[in-house]
1. With r as the distance between the Cβ atoms of residue 102 and residue 152 and R0 = 51 Å, compute the FRET efficiency 1/(1 + (r/R0)^6) and round to 0.05.
2. For region 135-142, just list the computed ³J(HN,Hα) in residue order, Karplus coefficients 6.51, -1.76 and 1.60, θ = phi - 60°, integers in Hz, with x standing in for Gly and Pro.
3. Give me a comma-separated list of calculated 3J(HN,Hα) values for region 146-156, in order, Karplus coefficients 6.51, -1.76, 1.60 applied at θ = phi - 60°, integers in Hz, x for any Gly or Pro.
Amino acid sequence: MGNNHVFDQIPDYLDGKLSKSDEVSFEKHIAQCNDCQKELEEIKAFLNVFDDEVPTPSSRLKTKFESVLEQEKMSQGKVVQLNENKSSNWTGNVLKIAASIALLVAAFQMGSLVQQRKVNEDIAQLQNETNQMKQTAMLSLMENQSASKRIQGVNYIEEFEQPDEAIIQALSNRMLYDENDNVRMSAFDALTKFTSSETVKNTFIEALENEKNPSIQVAIIQALVQIQERKAVEPMKKLLEKEDTQPFIKDQIRAVLPSIS
């Protein structure tokens, strides 16, 4: 083929641009020349890198890449015919371009991660602000002069999966001190979802001692029995001793007291 090596024909061979006879001669030479064979394998391995799917860079990154590529072209001067001595330059240029692509892809991926983190932070902040607004609305309604508005505020608890202590305490105050039976019952129903809280347990025990509405008294007794609250034993015994305790309330206490004593 005129030269001892066929480095300059490797690009055309890989692109399928050699004539049939040149291709046969090229492959025959490659089979016998370790240097050319090594050069061919290295270029093949390098080009295979681009077979992997990578994220599509943004238009900004694409512009940067084109700028880098244009500078590389200008630094190389005019295009000349490749020969054996130029084959290493061809490989070096491709490697430089590949490095530029790798840097741009890395920058694109890093930018995506930073952007996603910022979005997550914004979402968390928005959720926190929304919860604060809901809590303010709830607490405000529970202080309203209208009983129906206070019940509406109590029922707002459905908006909170894990209400903070301020909300639990506000519901406890409604249950203990609200003058309206329906508001106190609504507050009790809301608090039954959070009986793992010591504040809720103590509220139930205090309400059991002071509540006058028999329906609410029965509901409290059943809730305390269900959570097996042993601190409720003494208040229940006191209710048994009170003359004004309804007979059916006493019957209820006698029935359940052994299960938590």
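Taken together, the values in this text are just the output of simple stated rules run on the coordinates, not laboratory data. All of these numbers come straight from a predicted model, not from anything done at the bench. Because the Cβ atoms are built from the backbone with ideal geometry, glycine has one as well, and the counts that use them run over all protein chains shown.
1. Details: r = 60 Å, r/R0 = 1.18.
The value I calculate is 0.25.
2. Working through the residues one at a time gives 5, 4, 5, 4, 5, 5, 5, 5 Hz.
3. So the Karplus estimates, Gly and Pro as x, are 7, 4, 5, 5, 5, 5, 4, x, 4, 5, 5 Hz.
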